[in-house]
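Have a look at the structure below before the remarks.
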Amino acid sequence: MPERTIRLVKPTPRPSVSEFAAKHRKLSRDDSREHGSYSWKRAPYQKEMMDVINRRGKRKFVAMLSSQMGKSLTQMNILMYLMVVRPCTILFMLPSIKDAKKFSKLRIKPFIRDNPLLSELVKSSGRDGNTLTEKSFPGGNLLLIGSNVASDLAAVTGNAAFVDEFDRCAKEAVNAAGDKEGDPLMLLWKRLANDPAAFVYVSGTPTIKGASPTEDLWDRSNKMLYMIPCPDCEKLQFLDKSRLKYKEDTLEDIHFRCIDLTCSGKLTRGVVQKAYFKGTSEWVETGNPAAELSGFHLNQFYSPWRQWIEIVKEIDEARGVPSKEKVVQNTVWGLTYELASVKVPDWVKLHALKGDFVPGIVPKEACVLTAFTDVQEDRFETTIFAWNRNRAWVIDHIITPGCSVWDLDDEMYDLYEKTILEASWPHENGRQLKPRHFFIDSGCFTSRILKFCQKHRNRLIPTRGEDRLESTFSAPKHTNITNRGRWLKRGVKRWNLGVSQIKIDLYARLNLLLDGSDKDQGLKIHFHKKLPEEYFRQLTAETCYVEANDFGRPKCKWIKDKYFANEALDCAVGNLAAFEIEGYNRWSGEHWEQELEKYQIVKSRDEFRKKAGRSAAGSMI
Ligand SMILES: [Zn+2]
C-alpha cells in the first residue's frame, strides 16, 4: 500500500507524477472534456495509476478499462513527466503505423502546443528533424510506432514504453521482408534498456473472451480494484456488475447493493462522488501480490464524466441483442464479451411455444414477406417469413423434392418455379402477398444455382454464407458464370451473408422468447402450429465455439449436431438477412403503419381459410 512503500523507499527530491501533473499539466481544448489545468481530484483513481511508475519493484503495468475513464489523460501525464523530469527514450506503440500518425496529429500535437513546458523543450532540442512519429527533446526522444511493423522496434532502445489499444495490436509483428518476428509486446520488452526504472505500460479496452491480450495480462497481474466504502457498514468494495440494481420499468433508484448481504447499504453515484471528495476510496490488491504485473481495472460507473442514468439506458437498450451487448460489456464494464456463451435454445421448449396461427396464411399484424431457399442435392427447402416492425411469423416451410440438383431438366426446378416463385400467400385480411425477392443459397452447386438465378433475374437472388463477416451482409458482387461454356459479361449479383453474426442474434432472440420476457425488446419470432418437432431440432442444430483465426482474432466456429440436418436454421438465417437486404429494418414506425393499413379490409376467417387451402409441393407438415 502507498504509505508503507513511502516509508520503505528513500525519499527522492523528484515530485510524484500526480503532483507534477497537478502543477504543470494543461489540458487541450481539442482532446478533453475539461480544459485548463489538470486535476486528479474529480477522478482520484487516476493518481495511483500515474504514481505507480515510480514504485519500486514492478515494471510492467496493465490498465484494463472501459471507455471514458481518462485513460489517455493519465498516459499523457506520465509522458509529460518523463519528458520534463526524467528525459529518456520513450516508445509509444499503437495498433498500426496509421494509428500512430493519427495519434500524433490529433493528440500529441495539441498536447505539446498547449503545454508551454513541452513546447519549449521540443523547440529547444535544436533539431529540425521532428516528424509525425518522432519528437526530440533535450535528453530524449518520443517515438510513435505501429505494432505491425517490427523493423521499427528492432532499431531502438527505450527506457519507457506505452502500448495503447492493446487488443487491437497485431499478434505478430512483421518485418520488411514479410517474416513474422513474434509478439510485439515481447519485442518491445526486449528493446527496453537495462535500466532499473524502465517500464512498459499497457492499456486497452478488452474485446472477446479467450482472445483478449489485455485480459490475459490482467489475469496475470496483482489485480488492483478501486474500492468505495459502503455508506452504512463502511466495507470497501468494487462496483461489480453483478450487484448493479435499478427499477427495470422506470430506470430509477440506480445503485450497487452492498457486498455484505446483511447490510442494506446502497452505493449510488452520490456515494461514489462523496468518497472521491473525502478521499476514502482506494486501490486494493485482489490478486497475487507477488505477480510481476501491476493491473488496474475500472468500469464506467467510476467515471466522473458519465451520468449513471445514461449508462443504465445504454445497458437496457442492448439487452437481448448480442452485437449491442458486446459493445456494452467492453466499453461500459471494461470486460471481455463471452462469445462462447451463445446458448443453444432448447428445441423442446420452442416446439411447445408454437403460436395458434394457421400455416400458409399471413397473420393480420404482418404486411411483408421474405423467402429463403436452402439447396440440397435432391431437394430445395424454403422458409417463408411474414413480418411487421418487430415481429416475425414463420408461416411456411416447403420442401421441393427432386432427383438431382445438377440435372438440368429435373422437374425439381419446374416444381420450384410453379410452387414457390409464382406462388403468393394469402393475407388473413383478404389480399395476396408475394415476397419482393426470393433468396437462395448458392454456396454449394454454385454454377447450377447461379444459372437458375440468371433465368429468374430480378426475382431469384443468390447468396453465399461468409463466416468472417461481422455484419449481417456485405454489398453484392457481380458473379460471372459460364453459360454453355461462355463467360457472361455481367453475371448475377450475389450477396454475402454474415451467417455467424445472424445466428448469434437469432439464438439470442429465441432464448429471449423462451425466457418469456414481457418487455418489448427486439424482434419476436412466432412459429405456426403445425411445424413438426424436426423443424425445431434443425433450427437449433448448431453450436458455436470460439477459436482464434490465423491472425489471432476470435472467430466463431459453428458445429452442426451430427444427428440433425440444419436446413431450417439456414433458412431462418437467410430470412433475417433478407429482411435487412430489402431495407425493411430501416422503415420508420410511420412507414410500417401506412403499409399495415393496406391490409385492413377484414374478411370472414372461415371463408378465407377455405380459399387458402393451397397444395404445396410437399410441405414439411
Ligand atoms: Zn454495507
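The values are calculated or read from the model by the stated rules, or taken from the named source; none is laboratory data. Fair warning: this is a prediction, and the values are worked out from it, not measured in the lab. Note: ideal-geometry Cβ built from the backbone for every residue, glycine included; neighbour counts use all protein chains shown.
Things worth noting here:
- Selection from region 254-268 of residues that are within 15 Å of ILE315 (Cβ to Cβ) and not aliphatic (A, V, I, L, M): HIS255, PHE256
- The set of residues in region 384-415 that are in contact with a Gly (Cβ under 8 Å, 6 or more places away or on another chain) and among the aliphatic types (A, V, I, L, M) comprises ILE395, ILE398, ILE399, MET412, LEU415.
- Picking from residues in region 24-72 that are touching a residue at least 24 places away in the same chain (Cβ under 8 Å) and of a type in the set (Asp, Glu), the one that is nearest to PHE103 (Cα to Cα) is ASP31.
- Failed condition for ALA352, given (1) within 30 Å of LYS529 (Cβ to Cβ); (2) free of Cβ contacts under 8 Å to residues at least 40 places away in the same chain; (3) surrounded by 18 or more Cβ atoms within 10 Å (Cβ to Cβ): (3)
- Qualifying residue in region 88-100 (condition: in a helix (DSSP H, G or I), aliphatic (A, V, I, L, M) and surrounded by fewer than 22 Cβ atoms within 10 Å (Cβ to Cβ)): yes
- Every condition in (1) more than 16 Å from the ligand (Cβ to nearest atom); (2) of a type in the set (Lys, Arg); (3) surrounded by 15 or more Cβ atoms within 10 Å (Cβ to Cβ) is met by LYS266 except one, and the failing one is (1).
- Selected residue (criterion: nearest to MET64 (Cα to Cα)) from residues of region 199-232 that are in a strand (DSSP E or B) and within 16 Å of the ligand (Cβ to nearest atom): MET227
- Screening PRO196 on (1) surrounded by fewer than 20 Cβ atoms within 10 Å (Cβ to Cβ); (2) more than 16 Å from the ligand (Cβ to nearest atom); (3) over 30 Å from PRO87 (Cβ atoms) shows it passes everything except condition (3).
- Residue count for region 234-263, restricted to those that are of a type outside the set (Lys, Arg), within 22 Å of TYR45 (Cβ to Cβ) and either within 11 Å of the ligand (Cβ to nearest atom) or surrounded by fewer than 14 Cβ atoms within 10 Å (Cβ to Cβ) (or both): 7
- Test: residue in region 185-206 that is under 27 Å from the mean Cα position of the chain (by Cα) and among the charged types (D, E, K, R): no
Let's see how each residue does on (1) outside the structural domain of GLY589 (by TED's automatic domain parsing); (2) more than 30 Å from ASP515 (Cα to Cα); (3) buried (at least 16 other Cβ atoms within 10 Å of the Cβ):
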residue	(1), (2), (3)
PHE357	no, no, yes
PRO363	no, no, yes
PHE385	no, no, yes
CYS403	no, yes, no
ASP410	no, yes, yes
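- Tallying residues that are at pLDDT 95 or above, surrounded by fewer than 16 Cβ atoms within 10 Å (Cβ to Cβ) and closer than 16 Å to GLU285 by Cβ within region 201-233 yields 0.
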